[in-house]
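> One structure follows; several queries about it will come next.
The values are calculated or read from the model by the stated rules, or taken from the named source; none is laboratory data. None of these values were measured; they are calculated from a predicted model. As a convention, Cβ positions derive from the backbone with ideal geometry for all residues, glycine included, and neighbour counts pool all protein chains shown. These area figures cover heavy atoms from the full protein model, side chains too; ligands, DNA and RNA do not enter into them. Shrake-Rupley method; radii C 1.70, N 1.55, O 1.52, S 1.80 Å.
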Amino acid sequence: MPWLDLARSEREDFAAFLESLSPEQWEAATLCERWNVREVVAHAISFDELHGGALVRRFLKGWLSVDRINQVGVDDYADHTAGELIALIRTHAEPRGLTAGFGGRIALTDNMIHQQDIRRPLHLPRTIDDRRLRVALDFALTAPTIRGARRTKRLHLVATDLDWSHGEGPEVEGPGEALLMAMAGRRDALRDLSGPGKAELGARM
């Protein structure tokens, strides 16, 4: 299945999940330390409406710093309601612009990680489609803003719930979702991992 189709399915699942949340849950904390649920959702969709000069202006306004650029995007959607943000995700179910990069793998992986940023603190687990999760795990290793390969250098990652592994060295094993979140620097995922390489992985976060 083409990566854009996988990204579309991931976004449709994300929108359906968000529709199930209460107003109180939309204000809850997430694994993105500075952002609540509404702000994470705003970030997840904040690049799809930008094209050409608008994207350049966003980068310049953020002083070419990834963190500042992302915060500018969140601030731009500060007046959007939960319903409006969900509608935008559905409108842009097929990624456009920057998030369509690498064949749609940016949108697929980013939205998967951010859905888990929301779900984990709310104790709302999900079963992620194996095809999507494998693509996200592979992409997280090389994605410039995730830097998964750097965090997992000289470690052997082994997913216990699907056919996926990577690297050589002390082993770190656990569910594929937890490995993905660990590669993305989320310390919360460490509680679902085990193996002699776990301490080293934690030290790199």
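> Could you give the alpha-carbon Rg of region 49-205 over 2.2 N^0.38 Å, rounded to two decimals? Don't skip to the answer; put the middle values down first.
Details: Rg = 16.8 Å, N = 157, 2.2 N^0.38 = 15.0 Å.
Compared with the compact-globule rule of thumb, region 49-205 sits at 1.12.
> Relative to a virtual label point 7 Å from the Cα of Ala28 in the Cα→beta-carbon direction, which members of region 121-159 show backbone nitrogen distances below 16 Å?
Residues passing the 16 Å test: 121-127.
> Subtract the Cα-Cα distance of Phe17 and Glu84 from 0.36 nm times their separation in residues, and report this length gain in nm to one decimal.
So the chain would gain 22.7 nm between Phe17 and Glu84.
> Quick one: of the DSSP bridges fully inside the chain, what percent are antiparallel, nearest 5?
Details: 4 of 8 bridges.
If I count the DSSP bridges inside the chain, around 50 percent turn out antiparallel.
> Another question, if that's okay. Just to be sure I understand: with springs between alpha-carbon atoms less than 10 Å apart, which residue in His80, His43, His92 has the highest mean-square fluctuation in the Gaussian network model of the chain?
Taking springs between Cα atoms under 10 Å, the residue moving most is His80.
> Please give the per residue accessible area of the chain, computed with a probe of 1.4 Å over protein heavy atoms only, in Å².
Values: 9790 Å² over 205 residues.
That works out to 48 Å² per residue.
> To continue, here is another question. For Ser194, Ser20, Ser65, Ser46, write out the residues from largest to smallest accessible area, computed with a 1.4 angstrom probe and no ligands counted. Could the numbers behind the result be given before it?
Details: Ser194 50, Ser20 80, Ser65 30, Ser46 0 Å².
The ranking, largest first, comes out as Ser20, Ser194, Ser65, Ser46.
> Now a separate question. Counting only protein heavy atoms, what percent of the accessible surface of the chain is carbon or sulfur at a 1.4 Å probe?
Values: 5140 of 9790 Å².
Carbon plus sulfur share of accessible area: 52 percent.
> Specify whether the C-alpha gyration tensor of region 82-140 places it in the rounded, prolate or oblate class, a ≥ b ≥ c being the square roots of the eigenvalues: rounded for a/c under 1.5, otherwise prolate if a/b is larger than b/c and oblate if not. Provide the component values of the computation, followed by the final result.
Numbers: a/c = 2.15, a/b = 1.04, b/c = 2.06.
Verdict is oblate for region 82-140.
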